[in-house]
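I have placed the structure first, in the form of structure tokens, so that the comments after it can refer back to it.
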Amino acid sequence: MPSAKSNLIWFVILIVAFPLNISANPSDRNQYAPLDVHATIPEAKELVVRTYATKKKVWDLFLHCRSLENQASAYPSSQLMAAMGDLFQAIRDSRHLQQMGEPAGYDLEQRLRDIGGGINHLIVSWGNTLEGQKLKVKLDVRLKKSLPRLQKVINQSQQFLARNQLDAFESLMEKEGLNLVIETSPFDPITRNQYKLNFDEVLAAGDAMIAQNRADRYAQAARTEIEKNLEIAMSFQARGEEIRAELEGSLTNTDDPIVTIETAMSELLEAWGRSSAAVIRAHALEVAFNLIDSKNGNAPSQIQQALGNLTTEGIESYVTTIDMIAASQSPIDVRRALGSLLHHISVAQRRLGGRSDRLYEACQLSLEKMASLSPELPGQLAAYRLATDELMHWRSAFANASSAHLRKNTSSAAFLLSIESESLDPENPSGPKRITMVGPPSLNREASQIIVDAATRLIGKSVSGGPALRISSKTPLATIPFDGRVYAAVLLSPLADADLDHLRSDIGVTETLGPLSIHSAEAESAAEMQDFETIVGEIVGVTLESRLVRFATLPDTGYSLVPLGTLPILEDSQYPAYLGICWRLDVRSTIAQSKYFRVSKRQ
């Protein structure tokens, strides 16, 4: 098992390399952390913190009372009555969060109602004690005396509704409702109704109007955010033109180049990834606010069109850049330029969804035209491929067999999550064991309970998966893309220099001369970037995230969680999208298998 110090180091690396809200989302480090929010409606940030705090406050009170072992007379009655008021407001706030498109609202309401049942039982039990009976006599007199005043409040609130003054209605009714819930709490539910007149019915009618008003306003706010993200996606073409202009100027001014071919191609992929992340965020918001137009039938939505356009533009940008370099009037080292381009095409190709060779296939004709600029290069290419293709074939065959062996002998993340086995109820450890799924796909109970169940059965387990794609050359962190249920953040160790040197020697690559075939480029760039087909490692961290929030807040650097040209699976016919869970496993790699070189042991 890893030490506490090594886990802390790992966590710091994760936060620096892959931005996320470290105070949010239940994990093995903090099971009671609140679910994160996408905060399309900014007030959600404060509201979710306050509501989770209320949940904790009333839960702690319930545990305290439970420790008194049914001694109802010893229950802190004033605190229990106040807790009933807190629950009234917190449940309303959780529904407000739901209207804001925040999955945390559903987690909160489910839990608050569960706790509310327990608090209600406790205060009613106290109400049946001698002291409770005395208080109920006083409350009965006061509540009956206040019925005329309550009727006036109800009448005023109905006038607010008639004038569509919804804020005034809500403020008045919440204040009155809070007091009413507190003062009627010691009575049984049936008796409480005689003190309420038609308060609940009027409140429900007003809430329905408020919900519709919010739905309209919040949907418009979401559409505004969606449009902002789609504008980012559409800016890719212009950014590609800027990069090519800078590169063209640098090819002319070789004494003081602004950018090199290497930096230009890296910036092109970064821009594509940034635009892809924006489309994914837009898609998640569309689902969160239920803005998908079902009337379109099979016609592609605005977001699907944007994604399709971006994929086409992304591939075309590589072709256009190669053509621009080849057409440059400046003398270039064609051999070196070709090696660099193949390297960067292979890096992008691993991050592109669909057929694995479609980017290279689109670029192939332009690459051949570039090669023809050097009279001797086509012959060198043919000789190079003759010398390396067979070697690459056998390296690939060995690597594929190794990957298959690793996957066969080590469970995948999806398999580990889907196992059903015995577990303890974290709220009743001495109680009977129960059969639960290690990592359910949806919030079928409170998030803090699910994470305890999952973490205790996953931490320390070996897991296999892939591909593992390095986030950037600046961090030792890779991600295994989201598969509809789980993704992984993988901590890599540096590839041994001897392994990389051996591979480069086999394929004739030096510090100044790159590979001359796409297969060699794939092998060399994967080794350099530490992109792996299969990873085997130890699970050192588990986090439960809302699926919608994960992708509605996806950082630009996180685009590798979803292959370029694709969208994440956010909906399922078995449960509503807002209940979908996105599991994140933090994995320390022990074995890494690339497409073209042997398994590498990690210390």
Discussion item. 5 Å is the cut-off here: which amide hydrogens, built 1.01 Å from N in the peptide plane, fall below it relative to THR590, excluding neighbours closer than 5 in sequence?
Written reply: VAL536, GLY537, GLU538
Worksheet item: What dipole magnitude, in Debye to the nearest 20, does region 111-228 give about its Cα centre under +1 on Lys/Arg Cβ and -1 on Asp/Glu Cβ?
Response: 420
Worksheet item: What accessible area per residue comes out for region 235-600, rounded to a whole number of Å², with a 1.4 Å probe?
Response: 42
Discussion item. Need the C-alpha centroid separation for region 339-354 versus region 435-507, integer Å.
Written reply: 22
Worksheet item: Does region 72-160 come out rounded, prolate or oblate by the C-alpha gyration tensor, with a ≥ b ≥ c the root eigenvalues, rounded set by a/c under 1.5 and, if not, prolate when a/b is larger than b/c and oblate if not?
Response: oblate
Worksheet item: Which value in Å does the Kirkwood hydrodynamic radius of region 149-292 take, with 1/r averaged over all unlike C-alpha pairs and then inverted?
Response: 20.3
Discussion item. Can you tell me, using C-alpha contacts under 8 Å and at least 6 residues apart, the relative contact order of region 235-600 as a whole percent?
Written reply: 23
Item to complete: Set the Förster distance to 22 Å, then compute FRET efficiency between GLU368 and LEU391 from the Cβ-Cβ distance, nearest 0.05.
Response: 0.45
Worksheet item: What ranking of ASP93, ASP188 comes out by heavy-atom accessible area, probe 1.4 Å, highest first?
Response: ASP188, ASP93
Item to complete: Output the Kirkwood hydrodynamic radius of region 472-565, Cα pairs only, in Å rounded to one decimal.
Response: 15.6
Discussion item. If the only charges are +1 at each Lys and Arg Cβ and -1 at each Asp and Glu Cβ, what is the size of the charge dipole of the chain around the Cα centre, to the nearest 20 debye?
Written reply: 2500
Item to complete: Specify which residue in the list SER594, GLN159, THR252 is farthest towards the positive end of the charge dipole of the chain, using unit charges on the beta carbon of Lys, Arg (+1) and Asp, Glu (-1), about the Cα centre.
Response: GLN159
Worksheet, complete the sentence: With label points set 7 Å from each Cα along the Cα-to-Cβ direction at ASN444 and GLU376, the distance between them in nm comes to 6.9
Worksheet item: Rounded to the nearest 500 deg cm²/dmol, what is the calculated helix-only ellipticity per residue at 222 nm for the chain, with -39500 (n - 2.57) per DSSP H run of length n ≥ 4?
Response: -20000 deg cm²/dmol
Practice prompt. Could you please put PHE289, PHE236, PHE398 in sequence from largest to smallest accessible area, using a 1.4 Å probe?
Written response: PHE398, PHE289, PHE236
Item to complete: Determine the share of region 235-600's accessible area contributed by carbon and sulfur atoms, expressed in whole percent, with a 1.4 angstrom probe.
Response: 52
Worksheet item: Stretch THR263-ASP167 to full length: gain in nm at 0.36 nm per residue minus the Cα-Cα span?
Response: 29.1 nm
Worksheet item: In terms of the Cα gyration tensor, with a ≥ b ≥ c the square roots of its eigenvalues, is region 53-205 rounded because a/c is under 1.5, prolate because a/b exceeds b/c, or oblate?
Response: oblate
Worksheet item: Just for the chain, what percent of DSSP beta bridges are antiparallel, to the closest 5?
Response: 80
Worksheet item: How high is the FRET efficiency from ALA245 to ALA383, r the C-beta distance, R0 35 Å, rounded to 0.05?
Response: 0.45
Worksheet item: Taking all protein chains as present, what is the carbon and sulfur share of the accessible area of region 42-218, in % to the nearest whole number, probe 1.4 Å?
Response: 54
Worksheet item: In the chain, which longest range has no trypsin sites (Lys or Arg not before Pro) that are both DSSP loop (not H, G, I, E or B) and surrounded by at most 10 other Cβ atoms within 10 Å?
Response: 164-354
Response to the item:
Compactness check, region 264-389: C-alpha Rg relative to the 2.2 N^0.38 Å globular estimate gives 1.35
Discussion item. For the chain, take every pair of Cα atoms, bin their distances at 10 Å starting from 0, and report each bin as a whole percent.
Written reply: 3, 14, 21, 21, 16, 11, 7, 5, 2, 1, 0
Response to the item:
Per the rule of 0.36 nm per residue minus the C-alpha distance, extending HIS64 to ASP333 adds in nm 89.2 nm
Worksheet item: Put +1 on the Cβ of each Lys and Arg and -1 on the Cβ of each Asp and Glu in region 235-600; which of SER276, ALA414, THR263 then has its Cα farthest toward the positive end of the dipole?
Response: ALA414
Worksheet item: In the chain, with Lys and Arg counted as +1 and Asp and Glu as -1 at Cβ, which of these residues, GLN302, ALA219, ASN198, has the Cα nearest the positive end of the dipole, that is, farthest along it?
Response: ASN198
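The values are calculated or read from the model by the stated rules, or taken from the named source; none is laboratory data. On a predicted model such as this, the values are computed, not experimentally measured, just so you know. No Cβ is skipped: glycine too gets one built from the backbone with ideal geometry, and neighbour counts run over all protein chains shown. All accessible areas refer to the heavy atoms of the entire protein, side chains included, with ligands and DNA or RNA removed. Shrake-Rupley method; radii C 1.70, N 1.55, O 1.52, S 1.80 Å.
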